[in-house]
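Q: This structure is in structure tokens; I'll ask about it shortly.
The values are calculated or read from the model by the stated rules, or taken from the named source; none is laboratory data. Because the structure is predicted, anything quoted here is derived from the model rather than measured. Cβ placement follows ideal geometry from the backbone for every residue including glycine, while neighbour counts extend to all protein chains displayed. Accessible surface is based on the protein model in full, side chains and every heavy atom, while ligands, DNA and RNA are left aside. Shrake-Rupley method; radii C 1.70, N 1.55, O 1.52, S 1.80 Å.
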Amino acid sequence: MRAVDLIHKKKNGEPLSQAEIAFLVEGYCRGDIPDYQMSAWAMAVYFRGMTAEETAALTLAMAESGDEIDLSPIRGIKTDKHSTGGVGDKTTLIIGPLVAACGVPVAKMSGRGLGHTGGTIDKLEAIRGFQTELTRERFFAQVNEIGLAVIGQSGNITPADKKLYALRDVTATVESIPLIASSVMSKKIAAGADAIVLDVKVGSGAFMKTVDEAEALAGAMVDIGTQVGRQTSAIISDMDQPLGYAIGNALEVQEAIDTLRGQGPQDLTALCIALSAQMVVLSGQASDMESAESMLRERLESGAALDKFRAFVAAQGGDPAIADQPDLLPQAPVLIEVAALQEGWVQRIDAEQLGIAAMQLGAGRATKDAAIDHAVGLVLRRKVGDKVAAGETIAILHARSEGEANRLIVEHVQNAYTISTEEPGLSPLLLSVVT
Ligand code: URA
């Protein structure tokens, strides 16, 4: 077999066989197929697409390119969730304890943030003492004991995806539905869960800009899951503004705790309940969405979900008292108010720009190895649909210092808000479910 023939075939719109796709992935991963041939193939896929069978074959070849986690030492149906990326997305911190409180085992590997999106591991490390590296044995034992553990990605998971994703990033081939679907699902499959719930974001701050595109991506991922024997469902949710009000690591932990107490923002709570209900049903703890949702609401109201969070934090070396004393979390020394530039209704908030503003404050990484400041970030005071007066506070920066750099960030945040004289029509957060 020769890579050039397979590029040719794809360029002509013909599907590749499973063996041909495995040849490309394995050869690329070993270094036998060079970047320039793999880029030409990725571009051919970008224009010609892939069939469901090709997409599943690519996913499996990438999942099998490195370590595959065997979660069988953990009892029960293990369910994982994945979000296609968002600003202010602290759902794992809420969903983990919430579904674990319903008897769903959660053995989760999460990532660190890069650029304008935050990572769950960075948020957890805002809790003093919290260990995100556990041995495999301790990881399994903790899930069997308390129902939940979250660790950083370790080992050699999906090296083929890492290499191909980095190549796509610099060859303008990221935005291809089969390539995104196989990239996401290869990691989920290698991570070992029996069932997978996906949160596919749509809107200005997301990869998918329209509901049609998001539904196509969700459909491709659900098809892959089904073809490889993992129950999979997806929720399409709006990402035209950040989720909740807090952006920044310790600030998001605080908002997650408020939500577990039943006092979180309405959008964040609704998305967490919807995703959790899918997980509860897929894991067999409830027979339908309605009973799953009422079980979840009971766990929030009774305090069981917050108790599970305390147990989780304590098991991984953190101080569970943070659940009741927010001032034990890192605090930024300087608060800077951001004023509305004009009177009107908030029409739009550019989530990506706010993610960049938080990164500039120190909450995120501009480069892979940059250090982050867990205390800093921003808290929105106004969201889409709110009426504001000129000069009214729309957001508060939690910063390390006053100074010129932060004055520029204030302007950046002001520019991320579109305020107009027309009252906006509000689009729903939860757009559809794909099963
Ligand atoms: N996230 C991934 O993991 N892979 C993609 O291709 C795009 C987003």
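Q: Return the only residue of Gly355, Gly364, Gly377 being under 19 Å from Leu429 (Cβ atoms) and buried (at least 20 other Cβ atoms within 10 Å of the Cβ).
A: Unique residue meeting the criteria: Gly355.
Q: Shifting gears a bit: Between residues in region 364-379 that are within 16 Å of Thr120 (Cα to Cα) and residues that are among the β-branched types (Val, Ile, Thr), which pairs lie under 7 Å by C-beta distance while being six or more apart or on different chains?
A: Qualifying pairs under 7 Å: Gly364/Ile372; Arg365/Ile372; Gly377/Ile247.
Q: To continue, here is another question. If you go through region 131-147 one residue at a time, do you hit one that is within 14 Å of the ligand (Cβ to nearest atom), of a type in the set (Val, Ile, Thr) and within 24 Å of Gly229 (Cα to Cα)?
A: So far as region 131-147 goes, no, none of its residues is within 14 Å of the ligand (Cβ to nearest atom), of a type in the set (Val, Ile, Thr) and within 24 Å of Gly229 (Cα to Cα).
Q: Which residue pairs have Cβ atoms under 6 Å apart, sit 6 or more places apart or on different chains, and have a first residue in region 170-186 that is of a type in the set (A, V, I, L, M, F, W, C) and a second that is near the ligand (Cβ under 8 Å from one of its atoms) and part of a helix (DSSP H, G or I)?
A: Val174/Arg168
Q: Moving to a separate point now. Which is of a type outside the set (D, E, K, R), modelled with pLDDT under 95, over 28 Å from Leu271 (Cα atoms) and surrounded by fewer than 18 Cβ atoms within 10 Å (Cβ to Cβ), of Ala141, Ala166?
A: Ala166
Q: Take Leu60 and tell me if it is among the hydrophobic types (A, V, I, L, M, F, W, C), in contact (Cβ under 8 Å) with a residue 24 or more places away in the chain and under 30 Å from Gly147 (Cβ atoms).
A: yes
Table: residues versus (1) touching a Cys at 6+ places or on another chain (Cβ under 6 Å); (2) free of Cβ contacts under 8 Å to residues at least 12 places away in the same chain; (3) open to solvent by less than 20 Å² (accessible area, probe 1.4 Å).
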site: Ala56; (1), (2), (3): no, no, yes
site: Glu68; (1), (2), (3): no, no, no
site: Leu71; (1), (2), (3): no, no, yes
site: Gly85; (1), (2), (3): no, no, no
site: His116; (1), (2), (3): no, no, no
site: Lys123; (1), (2), (3): no, no, yes
site: Gln131; (1), (2), (3): no, no, no
site: Glu137; (1), (2), (3): no, yes, no
site: Ile157; (1), (2), (3): no, no, yes
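Q: Just wondering, is there one or more residues in region 88-107 that are closer than 20 Å to Arg299 by Cα, within 16 Å of the ligand (Cβ to nearest atom) and open to solvent by 10 Å² or more (accessible area, probe 1.4 Å)?
A: Yes: region 88-107 contains one or more residues that are closer than 20 Å to Arg299 by Cα, within 16 Å of the ligand (Cβ to nearest atom) and open to solvent by 10 Å² or more (accessible area, probe 1.4 Å).
Q: Sticking with this structure for a sec: Quick check, is Glu293 open to solvent by 70 Å² or more (accessible area, probe 1.4 Å), without any contact (Cβ under 8 Å) to a residue 60 or more places away in the chain, outside any loop (DSSP other than H, G, I, E, B) and out of contact with any Lys or Arg (no Cβ under 7 Å at 6 or more places or on another chain)?
A: no
Q: How many residues does region 391-413 hold that are within 16 Å of Gly377 (Cα to Cα) and open to solvent by 30 Å² or more (accessible area, probe 1.4 Å)?
A: So the answer is 9.
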